[in-house]
Amino acid sequence: MTEADLGVEIAGVKLKNPVIAASGTFGYGEEYAGLFDINSLGGLVVKGISLKPRQGNPPPRIVETPCGMLNSIGLANIGLDAFVKEKLPYLSGLSTAVIVNIYGHSIKEYAELAGALKGLSGISLIEVNISCPNVECGGMAFGTDPDMSARVTDAVVSRADLPVIVKLSPNVTDIRAVARAVEKAGASAVSLINTLTGMAVDLGRRSPVLGNVIGGLSGPAIKPVALYMVYQTAKSIGIPVIGMGGIVNYRDALEFIIAGASAVQIGTANFINPRAAVEVIEGIRQYCETNAIARISDLTGSIRA
Amino acid sequence: MSKACVMDENSEVVFQRKMADGVFLMGIESPGIAATAIPGQFVMIRVRDGLDPLLRRPFSICGIREPGVVLVLYMLVGEGTQILSRILPGERISVLGPLGRGFKPDEKDSRALLVSGGIGIAPLIFLARRLRSGEALFMAGFRSSRQVIQVRSACLVCPEIYIVTEDGSEGERGLVTDILAERLKGAASERGRSSIYACGPVPMLKKVASLSKEFGVPCQVSMEAHMACGLGACQGCAVPGKRALADAYLHVCKDGPVFPAGNIRWESL
């Protein structure tokens, strides 16, 4: 039997397979390099980068919930300059697609970030974070409003020399409205879902568990919500959808692909099993071979409904 | 520490032994981790397969038993440790490690002062076994006699061991930091040649850090925090500290768990 073709194309960028490590769960790549060959990934998204370094939110920043976790990291990151100087040289030596996630406090900052990444080698795509629930200004404030989402997208697209993915928030009434708005503004793809806003209460202290009070829920607990949003969104836009939300194994990944995703991101699962992403790739390969599927891209949106 | 030596080992539990009220010692066959682990480092254990509980749990390494057995001393605190305590010898668990920066014992020390509170004794037992200096002093505090973990057998190099209980039901009555304070006050000539190594609850570590400052004795503390990955990726395990003299959040998994006491902003904890 011939080997299945796992390659996918997102906005003209060829990925060797549809499995990408999600932003905020994979550091800057190096953190996992000793545990498996990260070049086997379809791609990896670095921790969200802002213009200036960010310390992040006060601890505690993490709490476990049933089949999931809440985080309120607050986009702690080393900032653009340190990223380019200290992290990019390593990343540009990888043979997997490097996707840089950017985050700004204002439309101007988003545009500046996109401009600053111009001409740098070793980056395949930009992912725009308009959906982080853990920061006061910017982040989700942009992503919950279709007009603001479109303005951020337009600002980034017009400054960037790379295709732009916009990462969408599930904390909206109708995610399709935001997806359509960013498509119209020039996004090459959308990724969804970011975390769902939530909280946990410490009964003993009658206080929020997280130092930031609220956090973002991720993990298997959110998978059904994510699947439905991917399904809805894929039907209503023409650009590729990258699906994520609670994927821990190849079956989860395939469900997203069948529901309409062209590729998937693995997030929280990296924390539980550092080899989760490679195991998903291997599982998809075997599934395709067992079911005589020649190209993984044939499965995208193949749901019978 | 090279990142390349972090391993995810599917490890057989070789024994579980009750050590005190709600405290167990578990031996796990993890030859790769056992080969390179140093005192103060930790492992992330997946207490069972499946999705609930979802996250791995961090545990200090309490020692290495040749050949290739990693020792973990743990206290029942929640669902994860309850599940762990029910694992039978012969069953397997996923163990990721060794992780983090361990203690850096000063070989010039004439005296290492090991100070623990409760289950914080775990990494110090490992340290005591690895110290080359023959002059270590172990001060172990517990709530009461039922929680006391016998350290004598573990501490071949500690001629002096103080057990302290808050209710006086075993050893001396009081707080372990009272004993430390007395020692530091009484031994002016030794101060310049001693170092403190401490692990325990935050209020205890705060007191230890302030004593180390007051008497000018170097101090390394092992901290804990909620964490998801153990690898420096999630940035969940932040503690308020200083980096190059500027305020910063330090990460327990990667910058620690062992820190020079002066690098932590104790007033913010």
Where the Cα atoms of chain A are projected onto their three principal axes, how long is each span, largest first, in whole Å?
58, 49, 41
Find which of A:Leu6, A:Ser297, A:Ala269 sits farthest along the positive direction of the dipole of chain A, computed with +1 on the beta-carbon of Lys and Arg, -1 on that of Asp and Glu, about the Cα centre.
A:Ala269
Say we join alpha carbon atoms closer than 10 Å with springs in a Gaussian network model of chain B; which of B:Ala244, B:Ala209, B:Ala34 then has the biggest fluctuation?
B:Ala244
Provide the per residue accessible area, probe 1.4 Å, for segment B:226-269, rounded to a whole number of square angstrom.
36
What relative contact order, as a whole-number percentage, does segment B:103-222 give when Cα pairs under 8 Å and 6 or more residues apart are counted?
29
Could you tell me, in Å, what Rg and Dmax come out for the Cα atoms of the protein assembly as shown?
25.3, 82
Build a GNM of chain B with springs between Cα atoms under 10 Å: which of B:Ser194, B:Ser116, B:Ser169 gets the top mean-square fluctuation?
B:Ser169
Rank A:Val152, B:Val252, A:Tyr231 by how far each Cα sits towards the positive end of the charge dipole of the protein assembly as shown (+1 on Lys, Arg Cβ; -1 on Asp, Glu Cβ) and give me just the farthest.
B:Val252
Report ³J(HN,Hα) in whole Hz for each residue of segment A:109-114, in order, from the Karplus equation J = 6.51 cos²θ - 1.76 cosθ + 1.60 where θ = phi - 60°; Gly and Pro get x.
5, 4, 5, 4, 4, 4
What residue among B:Arg57, B:Arg86, B:Arg132 shows peak mean-square fluctuation when chain B is described by a Gaussian network model with Cα springs under 10 Å?
B:Arg86
Could you work out the relative contact order of segment A:137-249? I mean the mean sequence separation of Cα pairs under 8 Å and 6+ apart, divided by the number of residues, in percent.
25
Quick check on the protein assembly as shown: helices-only [θ] at 222 nm, where DSSP H runs of length 4 and up contribute -39,500 (n - 2.57) each and the sum goes over total residues. Nearest 500, please.
-7000 deg cm²/dmol
Could you order the peptides A:116-127, A:257-268 from most to least packed, using the average number of other C-beta atoms within 10 Å per residue?
A:257-268, A:116-127
Take the Cβ-Cβ distance between B:Asp178 and B:Glu12 as r, set R0 to 56 Å, and report the resulting FRET efficiency rounded to the nearest 0.05.
0.85
Using eta = 0.890 mPa s and T = 25 °C, Stokes-Einstein with Kirkwood Rh from Cα pairs puts D for segment B:1-78, in µm² s⁻¹, at 186
Report, for chain A, the % of DSSP beta bridges that are antiparallel, rounded to 5.
40
Return the residues of segment A:57-75 for which accessible area with all protein chains present is lower than in the chain on its own by 40 Å² or more; set the probe to 1.4 Å and exclude ligands, DNA and RNA.
A:Pro59, A:Arg61, A:Ile62, A:Glu64, A:Cys67
Would you mind calculating the relative contact order of segment B:56-108 from Cα pairs under 8 angstrom and at least 6 residues apart, reporting the percent as a whole number?
19
Sorted on mean Cβ neighbours within 10 Å (highest first), peptides B:14-25, A:57-68 come out as A:57-68, B:14-25
Within segment A:181-290, trypsin sites (Lys or Arg not before Pro) in DSSP loop having at most 10 other beta-carbon neighbours inside 10 Å
A:Arg205, A:Arg206
When you look at the Cβ of every residue in A:270-283, what mean number of other chain Cβ atoms sits within 10 Å?
3
Share of carbon and sulfur in the accessible heavy-atom surface of the protein assembly as shown [1.4 Å probe, %]:
51
Row for segment A:31-146, column shape: gyration tensor on C-alpha, a ≥ b ≥ c, rounded if a/c < 1.5 i.e. under 1.5, prolate if a/b over b/c, else oblate; value oblate
Buried solvent-accessible surface, both chains (B, A), 1.4 Å probe, Å² to nearest 100
2500
Flagged as over-length at 22 Å C-alpha distance, from A:Lys87/A:Lys118; B:Lys206/B:Lys242; A:Lys87/A:Lys108; B:Lys104/B:Lys213, the pairs are A:Lys87/A:Lys108
Sorted peptide list for A:4-16, A:147-159, criterion being average Cβ within 10 angstrom, highest first
A:147-159, A:4-16
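The values are calculated or read from the model by the stated rules, or taken from the named source; none is laboratory data. Values in this document were obtained by computation on a predicted structure and should not be read as measured data. Methodologically, a virtual Cβ is constructed for each residue, glycine included, from the backbone with ideal geometry; neighbour enumeration extends over all protein chains shown. Protein only, heavy atoms only, side chains kept; ligands, DNA and RNA dropped before computing areas. Shrake-Rupley method; radii C 1.70, N 1.55, O 1.52, S 1.80 Å.
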